[in-house]
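Report on the following structure.
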Amino acid sequence: MLPHDFPPWKTVSYYFYTWRDQGVWEQVHSILRVDVRRLQGHEDTPSAAILDSQTVKTTEAGGPKGYDAGKKNRRPQAASPR
């Protein structure tokens, strides 16, 4: 799904993963972040962060969960005759 004027996908893939493994993408991102912050009149790095309960996700959703083999059937069972 690359544009037609790009090299073959194997070449693009090779360079992407090579640069990723060498940390090039992180360096580019860091440099761009500093430049954008300076253009906006901010310090190079943020001095604070704001988190709320919607931002911080937890791993426990509504308490413990487990497998109950007795609840395998999804349809209600017929009442047993007495």
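General remarks:
- With R₀ fixed at 30 Å, the C-beta to C-beta distance from residue 53 to residue 25 puts the FRET efficiency at about 0.45.
- Proximal charge balance of residue 32 [Cβ under 13 Å; K/R count +1, D/E count -1]: 0
The numbers here are math on the coordinates, done by the rules we state, and not lab data. Just so it is clear, the structure is predicted and the values come from calculations on it, not from any experiment. When we count neighbours, we look across all protein chains shown, and the Cβ atoms used for this are built from the backbone with ideal geometry, even at glycine.
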